[in-house]
Amino acid sequence: MKVEFYYSSKDEPAKQYHCDNAKALELAKQLQAKGVNIKIQDCGEEPAAFMTYNAAVTGPSAAKRAVFGTKGALEEEFGKTVPALLIFEKDGDRYPTEVFPRMDKEENKLIGPEDALQKLLSTA
């Protein structure tokens, strides 16, 4: 498994996609300490590549796709005002199997990167 977390130290997360970046960053570092391959990128310092955004929008099934795209957050917001977490099944995979934040139909709520990191940490 490979995990990528995109956030910004310069931008406040949008209210509808709220994420406590400091807490999410701490959870990501705890996951890294458990041996999980995780990339942490501050998009306030270096924006995410378009290919990363495109993979988040087109890779996962519609049920596991993020809020990014035509009806939600836009490319400019990826990792900035909308922190993003991408989960890849294998290290070499080009497209993620899950992307957060996303609306979960089973739980009927928005699941953000912070929640997803907490869940990953409890199963790692």
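When you check residue 76 against the structure, is it modelled with pLDDT under 90, acidic (Asp, Glu) and surrounded by fewer than 14 Cβ atoms within 10 Å (Cβ to Cβ), yes or no? Show your work before the answer.
Working: modelled with pLDDT under 90: yes; acidic (Asp, Glu): yes; surrounded by fewer than 14 Cβ atoms within 10 Å (Cβ to Cβ): yes.
Yes: the conditions hold for residue 76.
For segment 3-14, the condition holds for no residue, the condition being that it is loosely packed, with under 15 Cβ neighbours inside 10 Å, of a type outside the set (A, V, I, L, M, F, W, C), closer than 16 Å to residue 86 by Cβ and at pLDDT below 95.
Each residue in segment 17-43 was checked for being closer than 14 Å to residue 112 by Cβ and touching a residue at least 60 places away in the same chain (Cβ under 8 Å), and 9 of them qualify.
Report, by residue number, each residue of segment 88-124 that is touching a residue at least 40 places away in the same chain (Cβ under 8 Å) and closer than 18 Å to residue 23 by Cβ. Correct list: 101, 110, 112, 113, 114, 117, 118, 120, 121, 124. In segment 39-60, of all residues being buried (at least 19 other Cβ atoms within 10 Å of the Cβ) and in contact with an Asp or Glu (Cβ under 7 Å, 6 or more places away or on another chain), the one that is modelled with the highest pLDDT corresponds to 53.
The values are calculated or read from the model by the stated rules, or taken from the named source; none is laboratory data. Since this is a predicted model, take the numbers as computed values, not measurements. For neighbour counting, all protein chains shown are included, and Cβ atoms are generated from backbone atoms with ideal geometry for every residue, glycine included.
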